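Peer 1: Sharing a structure, written as structure tokens. Questions coming.
The values are calculated or read from the model by the stated rules, or taken from the named source; none is laboratory data. Remember, predicted model here, so these are calculated numbers, not experimental data. With ideal geometry, Cβ positions are generated from the backbone for all residues, glycine too; neighbour counts draw on all protein chains shown. When the accessible area is computed, the model is the full protein with side chains, heavy atoms only, and any ligands, DNA or RNA have been set aside. Shrake-Rupley method; radii C 1.70, N 1.55, O 1.52, S 1.80 Å.
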Amino acid sequence: MNIYQTQWNEILKKEGTQNVDVITSIKENGINHFLEKHHQFDSLSYKKTFEKAFDSHNTKRKFKVEISLNKPVEIQFPPFTSVKHNESYRLKKDWFELEAKHNSPELKAPSKEADPNIRINAKEIVIKIEWDKLNTTGKWSITLNPFEVLAESYIKLNQDADGYFLTIVPTLLKFDIPRNEVQSKIKNLSNSEALVGECEEKITDLFIIAANIAATEQTPKLVRNIQIPAPVIADKPLNPALLDISNNILTIGFGLDKQQLRIDNQKYITKSFYDLKSNINKDIEENGGLEKMVSTNYSQNRSIEDIEFLEEEEILEKFKNTNILITKLENQVTSNFTDETQELLELDKSIKDAYAFGINEYFFDTIVDTTIPEPQSDCTKWLNIKLAKGRICHWSKFTNSDIKISNTAVLSGGVNVDVGGAIEACIKKAYDCSWEWICSKLSMSIKGRPKINLKLKKSRGVSLLAQLDGRLYLDVNLPWPFNKIVKGLTGLVWTFLKGFINILLALLSFVVIKPVFSIPNQKTKLRLLDFDSFYYERPQIKGNFPAKNKFIGYKGGLLAIK
């Protein structure tokens with residue numbers, strides 16, 4: 001059992017976690033690696049300048065204060081492995097309380113007052129203060145020696161239009177700005193009547209106040225502005241279920257919103273189905289009608305036996321607009337699974353075994369279940385061939401073959417495609433000069449059964465791949481004129497079914513775990529590596545069923561990149 005399976009057991013054995021379908025964990029050292037690179041790649045976000053005005057000798061003095069974090073922020077999760085500053089954290093002497101803790105419904109960790117907060121260490125903070133000289137032109141400027149800030153914080157899970165991300169929210173702050181150091185720096189400023197006698201004390205007081213404001217107000221803002229990407233499945237409706245910090249690991253749990261997923265999928269299917277039928281009808285019209293589309297000599301004055309039909313492949317080629325739509329759907333599927341050239345990564349600098357991702361069987365089963373449409377039925381246009389006419393009425397039904405995750409971490413299953421229908425043919429009564437239509441039906445004989453197979457594919461990330469296996473063929477060994485009808489309409493029926501199946505393939509195929517997670521307007525990205533699969537079965541708790549408990553997991557190293 002790996003460390004993540006052990007951690008997940010501790011978390012998921014608790015009541016209230018039944019709805020966790022996706023779980024992801026990142027180790028403390030993985031987040032610190034991201035923070036280190038964030039300081040390097042997004043350095044501008046670690047500097048802040050503001051102005052503060054004070055009254056001195058009835059004169060308003062304006063101070064320009066610049067604060068910068070010269071070294072990366074470091075974070076520690078409980079249980080704390082470093083003993084440095086333990087005494088300060090234990091005594092909490094002369095700490096600044098910044099804001100009320102855990103006083104909103106947002107998902108935070110630690111989640112209870114009794115839990116130990118996470119620890120933040122900003123090792124090297126520099127404050128520079130600049131102000132106008134009092135009686136002469138020019139400015140005074142002094143820079144305080146770098147000092148260290150300690151903080152207790154919690155981590156909050158946030159969501160915006162671009163996805164989920166984590167922020168660090170300091171609640172308590174500890175730092176020390178020595179007064180004697182400030183006085184010494186002020187005394188070193190020479191030749192100024194503004195810095196002699198009693199004014200020196202006041203300038204020192206103003207400097208201390210400005211520096212304290214910078215440290216207590218601006219330092220937490222700089223830390224809160226750091227956004228850490230939260231690895232999560234994109235483009236699927238997920239609701240946060242838990243956020244846990246323990247054993248030096250941060251873990252996030254999500255539940256799949258089945259109702260919203262069904263609404264999203266059915267909306268996509270309805271629109272795509274409409275586009276498919278519109279393109280088929282457009283192709284028929286552009287070819288001058290169904291008869292001209294399928295026959296080489298229909299317009300010539302020949303007997304019914306002499307009508308020649310194009311081969312099926314030739315008919316299929318005439319569905320130009322429909323084929324463009326089907327190709328677009330096929331490209332939508334394959335674009336998620338192209339083996340891209342690996343970028344040049346400094347793998348020796350990656351953090352090994354730093355993350356894990358788990359998705360349960362219920363998640364995949366629900367993806368399939370909410371994608372499958374209601375049974376569809378339709379009839380082709382009538383194909384008129386001189387004294388006979390006919391059409392094919394067909395129906396299709398898709399059934400979930402049940403998704404399974406084996407204890408060897410293999411996903412299997414798919415969608416069964418069941419197709420049936422009838423051939424309707426009519427002949428004009430020429431022998432009695434009534435010219436009435438006599439119609440009859442035959443059940444449509446089908447050879448072959450297409451199936452949509454599902455599998456997980458690892459490339460740069462992990463993707464669910466839906467593939468069509470096989471196709472259908474209509475039996476042409478039928479009595480006249482049914483054989484003529486089938487020969488002319490098989491291509492039309494298959495084009496419709498192929499288009500409809502590709503709509504489902506496009507919905508069922510998606511990137512499960514992206515290789516790169518990023519934040520808009522932030523240069524630093526999180527790159528996941530390896531994707532080593534493993535099987536995980538969560539502890540059984542009341543209310544859960546087998547599909548909820550079986551997970552396929554992926555773990556590996558990570559690297560912060562630009």
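Peer 1: Being of a type in the set (D, E, K, R), under 27 Å from Gln266 (Cα atoms), touching a helix residue (DSSP H, G or I) at 6+ places or on another chain (Cβ under 9 Å) and modelled with pLDDT of 80 or more narrows it down to one residue among Lys498, Lys457, Lys451; which is it?
Peer 2: Matching residue, one of Lys498, Lys457, Lys451: Lys498.
Peer 1: Could you go through the range 337-351 and let me know if any residue there is at pLDDT below 85, closer than 30 Å to Glu537 by Cα and in contact with a Ser or Thr (Cβ under 6 Å, 6 or more places away or on another chain).
Peer 2: yes
Peer 1: I need a count of the residues in the range 164-181 that are more than 28 Å from the chain's Cα centre (by Cα) and either of a type in the set (Lys, Arg) or closer than 30 Å to Ala241 by Cβ (or both).
Peer 2: Here the count works out to 4.
Peer 1: Here's a follow-up. What pairs come out if I take residues in the range 471-486 that are under 15 Å from His394 (Cα atoms) and pair them with residues that are part of a strand (DSSP E or B) and modelled with pLDDT under 70 whose C-beta lies under 6 Å away, six or more apart or interchain?
Peer 2: Leu472/Ile446; Tyr473/Lys447; Val486/Leu474
Peer 1: Test Ser246 against the criterion of being among the small types (Gly, Ala, Ser), surrounded by fewer than 19 Cβ atoms within 10 Å (Cβ to Cβ) and within 27 Å of Phe80 (Cα to Cα), and give yes or no.
Peer 2: On the way: among the small types (Gly, Ala, Ser): yes; surrounded by fewer than 19 Cβ atoms within 10 Å (Cβ to Cβ): yes; within 27 Å of Phe80 (Cα to Cα): yes.
Against the criterion (among the small types (Gly, Ala, Ser), surrounded by fewer than 19 Cβ atoms within 10 Å (Cβ to Cβ) and within 27 Å of Phe80 (Cα to Cα)), Ser246 qualifies.
Peer 1: Are any of the residues in the range 295-306 open to solvent by less than 90 Å² (accessible area, probe 1.4 Å), at pLDDT below 85 and within 30 Å of Gly556 (Cα to Cα)? Full working, then the answer.
Peer 2: Taking the range 295-306 and keeping what is open to solvent by less than 90 Å² (accessible area, probe 1.4 Å), we get 295-298, 300, 303-304, 306.
Restricting the remaining residues to those that are at pLDDT below 85 gives 295-298, 300, 303-304, 306.
Still in the list and also within 30 Å of Gly556 (Cα to Cα): none.
Taking every residue of the range 295-306 in turn, none turns out to be open to solvent by less than 90 Å² (accessible area, probe 1.4 Å), at pLDDT below 85 and within 30 Å of Gly556 (Cα to Cα).
Peer 1: In this structure, is Ser272 open to solvent by less than 50 Å² (accessible area, probe 1.4 Å) and at pLDDT 90 or above?
Peer 2: It is true that Ser272 is open to solvent by less than 50 Å² (accessible area, probe 1.4 Å) and at pLDDT 90 or above.
Peer 1: Let me ask something additional. List pairs: first in the range 272-290 and closer than 12 Å to Ile326 by Cβ, second among the charged types (D, E, K, R) and surrounded by 14 or more Cβ atoms within 10 Å (Cβ to Cβ), Cβ under 8 Å, 6+ apart or cross-chain?
Peer 2: If the second residue must be among the charged types (D, E, K, R) and surrounded by 14 or more Cβ atoms within 10 Å (Cβ to Cβ), the pairs left are Asp283/Lys318.
Peer 1: Spot the failing condition for Ala161; the list is (1) in contact (Cβ under 8 Å) with a residue 24 or more places away in the chain; (2) within 30 Å of Val232 (Cβ to Cβ), and only one is missed.
Peer 2: Among (1) in contact (Cβ under 8 Å) with a residue 24 or more places away in the chain; (2) within 30 Å of Val232 (Cβ to Cβ), Ala161 violates only (1).
Peer 1: Considering the range 1-51 alone, what residues qualify as being in a loop (DSSP other than H, G, I, E, B) and crowded, with 21+ Cβ neighbours inside 10 Å?
Peer 2: Selection gives Val20, Asp21.
Peer 1: Here are Gln266, Gln260: which of them is at pLDDT 95 or above and in a helix (DSSP H, G or I)?
Peer 2: Result: Gln260 is the single residue among Gln266, Gln260 that is at pLDDT 95 or above and in a helix (DSSP H, G or I).
Peer 1: Follow-up. Where in the range 453-562 are there strands (runs of 3 or more DSSP E), lying wholly inside it, with at least 1 residues that are open to solvent by 20 Å² or more (accessible area, probe 1.4 Å) and among the aliphatic types (A, V, I, L, M)?
Peer 2: Hits in the range 453-562: 462-469, 510-513, 550-561.
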